[in-house]
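Data block below; observations after.
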């Protein structure tokens with residue numbers, strides 16, 4: 001989503017070689033490298049967090065002298081930056097917009113505080129150089145020795161951060177709380193220093209995710225409360241506001257306001273600091289509870305999850321155990337160390353979001369500003385939903401592994417919509433309806449959760465709400481406010497959709513052609529929910545609407561063949577160039593041609609038949625000289641590090657050439673994903689792209705929006721076992737190797753199968769898959785019994 005500029009790779013691609021090895025089933029976290037994706041546009045952070053945790057205790061970096069330009073770091077961390085300005089309590093994983101969360105950066109400094117840290121004059125006075133050979137990270141733990149001499153060690157529980165700072169004894173020992181300095185700024189913050197009780201409390205009011213892209217959206221919508229308790233005595237150093245310092249003060253307040261480029265204005269901000277006696281308290285331990293409800297919630301979360309006496313070592317051990325339980329649900333054997341690390345790191349990134357949002361007592365603050373309790377049967381409320389991204393494969397994997405969590409996510413989205421006037425927002429950040437991206441991803445998201453086993457949410461009420469949103473235009477749907485990137489309506493231009501049966505140029509939205517394809521996917525997902533909810537008439541109606549993509553297919557778009565093309569409201573075609581993104585979102589007309597994942601047979605027919613479609617796919621994935629074109633090969637070719645292209649390699653299965661899916665997916669895995677900081681060449685988008693890799697390495701893919709049939713590729717590892725409540729899935733792959741992607745044979749539950757797809761019943765019940773793989777394609781296997789397509793015509 002909202003792609004940041006790609007960065008030059010740090011190193012050449014690393015070849016993957018197979019050696020026999022079984023992952024230590026007791027410690028799969030040892031395979032994870034949290035630094036993968038921390039440059040090259042991945043926008044990931046390496047800090048300490050729990051699976052789907054509320055807290056993510058991680059560095060906030062800044063470029064120090066010697067760097068030629070500041071680098072966008074939406075996760076707070078960019079591998080090529082060389083400075084740290086604090087360790088913040090919250091982060092989002094792999095977002096495209098510059099800045100999100102990054103709340104309450106805490107910075108150990110070893111100089112006196114004489115100038116306001118927020119002043120222009122301070123500059124980088126209180127930052128410190130970071131050297132990568134002095135830092136380490138693993139699931140639930142982060143450590144670094146800063147150039148100022150401080151050793152920082154971090155860990156986390158679900159709702160608390162635990163840190164340890166070892167100060168050098170020959171320098172001042174100060175700890176800054178940059179309360180106002182969330183990544184995109186803030187409108188208010190508070191701090192209270194209570195030296196008598198070794199406690200610092202406060203809050204920050206922020207939001208503005210992607211808001212710098214539209215003046216209409218630069219607003220705050222959440223307040224984070226924190227309470228920090230120390231194990232050593234300290235004295236109140238003071239507070240600051242903008243360029244003013246109040247030495248010895250125990251209370252302060254102030255915000256930064258919001259800038260136009262995603263960064264707060266210079267010279268604005270507030271916070272406070274505390275001072276330790278380095279001769280008596282050189283090693284300082286802190287426990288920090290947070291809450292989005294109130295200060296009492298932050299204290300209660302701290303008391304429950306990190307009570308007095310909790311050690312850093314114990315917290316790290318508990319976090320490691322939690323990650324091993326989560327990662328250990330998927331056990332693989334074989335492969336090189338790099339293969340295994342890339343796989344488990346991708347699984348790790350898949351399991352970071354959405355984030356726990358409710359307090360330990362079940363309270364959470366809703367979109368309406370009121371405090372709510374969990375719904376009946378709901379275990380937790382979740383926040384941070386990048387719908388445009390995660391409906392494609394991440395929610396399916398999360399729910400496959402944990403149906404209750406998937407159900408809780410679905411119920412969370414329904415709760416948000418109820419509190420948001422019935423509007424299901426595309427991209428929700430905490431209590432903010434940010435409206436980022438296009439289309440309406442909620443129907444297919446909930447349908448995917450239901451299809452993959454998440455049944456413990458209010459299906460009928462959710463369906464009724466989504467059906468109403470798809471059939472009754474609201475004032476937001478008719479408005480251009482926030483457009484193109486942040487359109488306020490759930491279905492921008494819905495009146496035009498219902499009237500014309502396509503999204504015309506000029507209607508509210510981002511791009512008529514892309515909006516049309518997203519709306520057809522949404523209606524296909526809604527048809528699945530209608531079936532699940534028992535509304536057969538609704539199922540037929542929405543399935544019919546999913547076929548409206550045909551209204552933008554122009555068979556004469558170019559001399560080379562037809563394309564999905566933007567159209568005016570009067571029916572006339574706009575000017576078209578398949579290399580252009582006019583009418584599309586983060587992609588070209590050539591890349592969007594393939595985004596009809598529920599009806600590839602219908603697309604093949606429109607293109608002139610299976611052979612014609614296969615030839616078009618060949619040209620899409622290969623350059624004229626035959627080289628792979630799966631990423632960074634120009635707008636006429638695939639871009640498999642971004643969502644519009646991710647389903648396209650699997651379409652070969654629908655034209656009877658599954659060996660080309662197998663080869664293309666493997667080529668993308670090899671080129672885009674490596675065990676390096678630049679090992680993801682684009683935003684990870686809250687785990688969506690990582691989930692694509694996990695599915696691909698398992699040899700399966702959930703192509704259909706809101707259905708559980710799986711398209712078959714080829715496994716990367718000799719074996720994989722997926723443990724889940726609804727039935728274990730076991731995958732054996734004789735001959736598996738990076739250079740052996742071709743399926744020679746497949747047995748499903750012991751019976752030979754010539755089908756390159758699996759029915760939904762396999763996901764529902766589990767089972768066994770036994771592949772035989774080779775280095776040369778078997779052009780007969782899977783070529784006759786094609787996967788189903790669901791035509792809306």
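Things worth noting here:
- Here residue 271 meets the list (1) assigned by TED's automatic domain parsing to the domain that holds residue 172; (2) under 25 Å from the mean Cα position of the chain (by Cα) almost entirely, failing just condition (2).
- Boolean, residue 750 is in contact (Cβ under 8 Å) with a residue 12 or more places away in the chain and surrounded by 24 or more Cβ atoms within 10 Å (Cβ to Cβ): no
- Taking the numbered list (1) touching a strand residue (DSSP E or B) at 6+ places or on another chain (Cβ under 9 Å); (2) not assigned by TED's automatic domain parsing to the domain that holds residue 450 in turn, residue 783 passes all entries but (1).
- Enumeration of residues in the stretch 129-138 that are in contact with a strand residue (DSSP E or B) (Cβ under 8 Å, 6 or more places away or on another chain) and modelled with pLDDT of 95 or more: 134, 135, 136, 137
- Checked against (1) surrounded by 24 or more Cβ atoms within 10 Å (Cβ to Cβ); (2) assigned to a loop (DSSP other than H, G, I, E, B); (3) in contact with a helix residue (DSSP H, G or I) (Cβ under 8 Å, 6 or more places away or on another chain), residue 158 passes all but condition (1).
- Matching residues in the stretch 641-661 - criterion: being closer than 14 Å to residue 703 by Cβ and in a loop (DSSP other than H, G, I, E, B): 646, 647
- If you filter the stretch 352-382 down to residues that are part of a strand (DSSP E or B) and in contact (Cβ under 8 Å) with a residue 60 or more places away in the chain, you find that the one that is nearest to residue 411 (Cα to Cα) is 382.
- Residues located in the stretch 616-627, provided they are touching a residue at least 24 places away in the same chain (Cβ under 8 Å) and surrounded by fewer than 19 Cβ atoms within 10 Å (Cβ to Cβ): 618
- Any hit, the stretch 278-285, residues being farther than 21 Å from residue 193 by Cβ, assigned by TED's automatic domain parsing to the domain that holds residue 165, more than 34 Å from the chain's Cα centre (by Cα) and surrounded by fewer than 20 Cβ atoms within 10 Å (Cβ to Cβ): yes
- Criterion (surrounded by fewer than 20 Cβ atoms within 10 Å (Cβ to Cβ), closer than 28 Å to residue 82 by Cβ, out of contact with any helix residue (DSSP H, G or I) (no Cβ under 8 Å at 6 or more places or on another chain) and at pLDDT below 95) met by exactly one of 215, 169: 169
- Condition check for residue 641 on (1) without any contact (Cβ under 8 Å) to a residue 12 or more places away in the chain; (2) more than 30 Å from residue 753 (Cα to Cα): one failure, at (1).
- Unmet requirement for residue 611, which otherwise passes all of (1) farther than 18 Å from residue 647 by Cβ; (2) in contact with a strand residue (DSSP E or B) (Cβ under 8 Å, 6 or more places away or on another chain): (2)
- Against the numbered list (1) surrounded by fewer than 24 Cβ atoms within 10 Å (Cβ to Cβ); (2) touching a strand residue (DSSP E or B) at 6+ places or on another chain (Cβ under 8 Å), residue 385 comes up short only at (1).
This table checks each residue for (1) over 25 Å from the mean Cα position of the chain (by Cα); (2) surrounded by fewer than 22 Cβ atoms within 10 Å (Cβ to Cβ).
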| site | (1), (2) |
| --- | --- |
| 581 | no, yes |
| 595 | no, no |
| 607 | yes, no |
| 614 | yes, yes |
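- Within the stretch 240-264, if we keep just the residues that are surrounded by fewer than 16 Cβ atoms within 10 Å (Cβ to Cβ) and in contact with a strand residue (DSSP E or B) (Cβ under 7 Å, 6 or more places away or on another chain), the residue that is nearest to residue 193 (Cα to Cα) turns out to be 251.
- Matching option when the condition is modelled with pLDDT of 95 or more, in the same structural domain as residue 532 (by TED's automatic domain parsing), under 23 Å from residue 709 (Cβ atoms) and surrounded by fewer than 24 Cβ atoms within 10 Å (Cβ to Cβ), among 422, 406, 453: 453
Residue by residue, here is whether (1) assigned to a loop (DSSP other than H, G, I, E, B); (2) closer than 30 Å to residue 448 by Cβ holds:
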| position | (1), (2) |
| --- | --- |
| 579 | yes, no |
| 602 | no, yes |
| 619 | no, no |
| 632 | yes, yes |
| 635 | yes, yes |
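- Residues considered: 81, 103. Of these, the only one that is in a loop (DSSP other than H, G, I, E, B), modelled with pLDDT under 95 and over 15 Å from the mean Cα position of the chain (by Cα) is 81.
- A single member of 777, 741, 705 is within 16 Å of residue 393 (Cβ to Cβ), modelled with pLDDT of 95 or more and touching a helix residue (DSSP H, G or I) at 6+ places or on another chain (Cβ under 9 Å), and it is 705.
- Residue 448 being over 25 Å from residue 763 (Cβ atoms), assigned by TED's automatic domain parsing to the domain that holds residue 405, touching a residue at least 40 places away in the same chain (Cβ under 8 Å) and in contact with a helix residue (DSSP H, G or I) (Cβ under 6 Å, 6 or more places away or on another chain): no
- Test: residue 289 is under 30 Å from residue 111 (Cβ atoms), in contact with a helix residue (DSSP H, G or I) (Cβ under 7 Å, 6 or more places away or on another chain) and touching a residue at least 12 places away in the same chain (Cβ under 8 Å): yes
- Check on residue 505, assigned by TED's automatic domain parsing to the domain that holds residue 573 and out of contact with any strand residue (DSSP E or B) (no Cβ under 9 Å at 6 or more places or on another chain): no
- Enumeration of residues in the stretch 138-155 that are in a loop (DSSP other than H, G, I, E, B) and more than 17 Å from residue 318 (Cβ to Cβ): 146, 147, 148, 149, 150
- Residue ID - farthest from residue 167 (Cα to Cα), chosen from residues in the stretch 295-309 that are out of contact with any strand residue (DSSP E or B) (no Cβ under 6 Å at 6 or more places or on another chain) and part of a loop (DSSP other than H, G, I, E, B): 307
For (1) over 20 Å from residue 181 (Cβ atoms); (2) at pLDDT 95 or above, each residue gets a yes or a no:
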residue: 45; (1), (2): no, yes
residue: 64; (1), (2): no, no
residue: 69; (1), (2): yes, no
residue: 109; (1), (2): no, yes
residue: 118; (1), (2): no, yes
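The values are calculated or read from the model by the stated rules, or taken from the named source; none is laboratory data. Keep in mind that this is a model prediction, so the values were computed, not measured. Neighbour counts are summed over all protein chains in view; Cβ atoms, including those assigned to glycine, are modelled from backbone coordinates with ideal geometry.
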